[in-house]
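Reading through the structure tokens given below for one structure.
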Amino acid sequence: MNDDAGIESVLREDRVFPPPAGFSESVGGAWIASMADYESRYRRSIDDPESFWGEAAREYRWMKPFTTVLEWNCPDARWFADGTLNLCDNCVDRHVDEGHGDDTAIIWEGEPVGADGPEVLRLSYRDLQRETAKFGNALKALGVGKGDIVTIYMGMVPEVAIAMLACARIGAAHSVIFGGFSASAIVDRVNDADSKVILTCDGAWRRGSVVPLKANVDEACAKLPDVEHVVMLERCGNDVELTEGRDHDWATLVSTQSEDCPCEEMAAEDLLFLLYTSGSTGKPKGIVHTTAGYLVHAALTAKNTFNLRPGRDHVYWCTADVGWITGHSYILYGILPNRVPCLMYEGAPNAPDEARFWDIVERHRVTHFYTAPTAIRAFMKWGDAHPAKHDLSSLKVLGTVGEPINPEAWIWYHEVIGGERCPIVDTWWQTETGGHMITPQPAATPTVPGSCTLPALGIDAAIVDDDGNELPNGRGGLLVIRKPWPSMLRGIHGDRDRYVETYWSRVEGMYTAGDAANRDDRGYFWIMGRIDDVINVSGHRLGTMEVESALVSHPDVVEAAVVGFPHEIKGTGIAAFVTLASGVEAHDELKSTLRAHTGHEIGAIAKPDMIRFTNALPKTRSGKIMRRLLRDIAAGRDSDQDTTTLEDLSVLAKLRDDED
Ligand code: WTA
């Protein structure tokens, strides 16, 4: 288990924040109105899951209604399996057919701020219908058909939403790669998914500079002979070349396409997307999500957790990138079916200055705001003056995701951003779960800073020991889900054994999340951290072994051990202990080289915050790296105080040999 220090103190947190008075009225009525309401619906959802989920699923538009809710043969679930539907239809066309074609679906704001302010674009459901149809036809023209996997490596532009929805429209699956990943990361993911088509942009705006997306794709394609087409959207006007026969200009390709592209009829269990995420090994895994179940839970949780209601002037904004699961579920697929306008912002929170987010909230009258604790900690550090310059009175619900939120950041969010009027929903979930699993219900659940509180409807979350016995409140253990849920992952692409081994073998018959957790005497859940070698850096999930593999791929490095350490802003920072090849001298420049190398192998998010050179890694007698010792060393030392000289950590290892 990772660091469990601190859990005792958080469990003693006794500040309780009931839902603010007047909240339900302010959002046009609550879907889950009180704790009694939550508790009775929760009980029913667990006692009779098939009727609960069947009813939830009937909210959406089916082409052929399902007659069975669940076929469960642990660890294989099939939800609503004999029904057919299309996700793009439920996000877009349905609203047009029901008379809401002119309502705003997406409000997009670009990062650069010109003399007239930033570029803002509003897309109605009718616009989305036309654009996804045209882009769907463009994909078909490139030979993309049902079941093919399209790789998307783009910035936060409206076209990325159009591209994802267009894939769903024609029955192709997508694999979105976060724009911060490097060319090598693209190579691994494209190969694993066997993707023949890559969608990209010339570049992406980030804090005033351009991330060279197309150049990264070109570098990747040199190692990807099977890629047939690259479609490039011109966004930043930077100088890029199109490779004859392979590359297509987005606008040119789309301009000649017809607007007629009916939504493909998809089986409930057809592949919707792959999303690569980090695990315990060096190789990221392609998490498999299928159509109907994913829609049902993503949309239901979006509705309940944020209390979204159409026609009430709600403007919902999630600051995540679509390259992560949060962007998939809570920018697009869970939000659009709820018919509430969704804001998408292209760039950084501090461009042109640290008040940008609050400026956006004020100008667009944002009502629902969903971000990560790491961002909140950065805002705190930047100071209250920035939010104070703006009118944030439109805000009604605040959300957090991705990592535990420290109580100080929670209180700051509550007071300075929420004006003490907005419930905070601290949502625990994962790429694998597809949607929220443990979260407050804003009009019902009294919140406690640092706790994600109670399970979402239909989710049988528990804390157990290795034998699957539920532990009493106050005893930390494994966080598991005991019953299948519709948006659960269906597998790891191409790796059945790893699926069974990672999620279903530790405790028989239960999904093991990979997190340790505890419950307080209210029964509220507190997430303690990962039990595997995964770390959460600024809310981004990384495998320590991925970073180690990147480091040892450098010729000067013989061995590397990577651990997380507490970091004021990032939550967890990356510490790398490195042994060098003989004859290689330890010096500061080499640290920079290794940081750059890691950035090149994975992406900037994986660059170590601290590198320590050692002539031997501390190991137990049986040869295991003593990670706990390394975590202790990393936690005790700030990155600024790095020593450059070689250290002999094996001495410490000898002193501690019995512990790990
Ligand atoms: C962590 C992000 C505490 C957790 C949606 C989980 C959290 C991992 C929370 C999944 C939260 C996510 N409180 N920890 N509210 N939300 N986590 O797949 O360790 O990128 O297992 O999905 O993030 O990260 P992933």
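Worth a mention:
- Restricting segment 267-278 to residues that are in a loop (DSSP other than H, G, I, E, B) and away from the ligand (no atom under 16 Å from the Cβ), the residue that is surrounded by the most Cβ atoms within 10 Å (Cβ to Cβ) is A268.
- Strands (runs of 3 or more DSSP E) within segment 139-213 that include 1 or more residues in contact with a Leu (Cβ under 8 Å, 6 or more places away or on another chain) and not charged (D, E, K, R): 149-153, 173-176, 197-201, 204-206
- Identity of the residue in segment 394-412, within 8 Å of the ligand (Cβ to nearest atom) and assigned to a loop (DSSP other than H, G, I, E, B), that ends up farthest from M488 (Cα to Cα): I405
- Here L551 clears all of (1) modelled with pLDDT of 95 or more; (2) farther than 20 Å from G477 by Cα; (3) surrounded by fewer than 18 Cβ atoms within 10 Å (Cβ to Cβ) except the condition numbered (3).
- Residue match in segment 568-590 (condition: away from the ligand (no atom under 16 Å from the Cβ) and within 25 Å of I463 (Cα to Cα)): no
- Any hit, segment 302-312, residues being crowded, with 23+ Cβ neighbours inside 10 Å, within 16 Å of the ligand (Cβ to nearest atom) and outside any helix (DSSP H, G or I): no
- Test: residue in segment 279-292 that is crowded, with 19+ Cβ neighbours inside 10 Å and of a type in the set (D, E, K, R): yes
- In the condition set (1) at pLDDT below 95; (2) within 13 Å of the ligand (Cβ to nearest atom); (3) out of contact with any Pro (no Cβ under 7 Å at 6 or more places or on another chain), T281 is compliant with all but (2).
- Residue count for segment 489-513, restricted to those that are touching a helix residue (DSSP H, G or I) at 6+ places or on another chain (Cβ under 8 Å) and free of Cβ contacts under 8 Å to residues at least 40 places away in the same chain: 1.
- Residue satisfying condition, being among the acidic types (D, E), in a loop (DSSP other than H, G, I, E, B) and surrounded by fewer than 19 Cβ atoms within 10 Å (Cβ to Cβ), within set E259, E264: E259
- In the set V547, V562, V558, only one residue is farther than 22 Å from T645 by Cβ, β-branched (V, I, T) and more than 18 Å from the chain's Cα centre (by Cα); that residue is V547.
- When segment 456-479 is filtered for residues that are within 13 Å of the ligand (Cβ to nearest atom) and within 22 Å of V27 (Cα to Cα), only A456 remains.
- Checking every residue in segment 334-352 against the condition of being within 14 Å of the ligand (Cβ to nearest atom) and crowded, with 24+ Cβ neighbours inside 10 Å gives at least one match.
- The one condition in (1) modelled with pLDDT of 80 or more; (2) farther than 22 Å from H567 by Cα that D632 fails to fulfil: (2)
- Filtered residue count, segment 85-113, keeping only those that are more than 19 Å from F273 (Cβ to Cβ) and part of a strand (DSSP E or B): 9
- Verdict on A581 being farther than 24 Å from P212 by Cβ and surrounded by fewer than 20 Cβ atoms within 10 Å (Cβ to Cβ): yes
- Residue match in segment 413-421 (condition: of a type in the set (A, V, I, L, M, F, W, C), more than 11 Å from the ligand (Cβ to nearest atom) and farther than 30 Å from T291 by Cβ): yes
- Contact map, segment 397-417: residues that are touching a residue at least 24 places away in the same chain (Cβ under 8 Å) and under 16 Å from E568 (Cβ atoms) paired with residues that are near the ligand (Cβ under 7 Å from one of its atoms) and acidic (D, E), Cβ distance under 8 Å, separation 6+ or inter-chain. Pairs shown: I405/D426; W410/D426.
- Residue match in segment 424-440 (condition: outside any strand (DSSP E or B), more than 14 Å from the ligand (Cβ to nearest atom) and touching a residue at least 40 places away in the same chain (Cβ under 8 Å)): no
- Hits in segment 214-256 - residues which are of a type in the set (A, V, I, L, M) and assigned to a helix (DSSP H, G or I): A215, V217, A220, A251, L253, V254
- Residue count, segment 487-531 (criterion: of a type in the set (D, E), within 9 Å of the ligand (Cβ to nearest atom) and modelled with pLDDT under 95): 0
- Contacts under 6 angstrom Cβ, first residue in segment 606-617 being more than 16 Å from G636 (Cα to Cα) and free of Cβ contacts under 8 Å to residues at least 40 places away in the same chain, partner among the polar types (S, T, N, Q) and crowded, with 23+ Cβ neighbours inside 10 Å, 6 or more apart: K607/T598
- Odd one out for A220 among (1) more than 21 Å from K134 (Cα to Cα); (2) surrounded by fewer than 23 Cβ atoms within 10 Å (Cβ to Cβ): (2)
The values are calculated or read from the model by the stated rules, or taken from the named source; none is laboratory data. Since we're looking at a predicted model, the values are computed, not measured. Cβ: placed from backbone, ideal geometry, glycine included. Neighbour counts: every protein chain shown.
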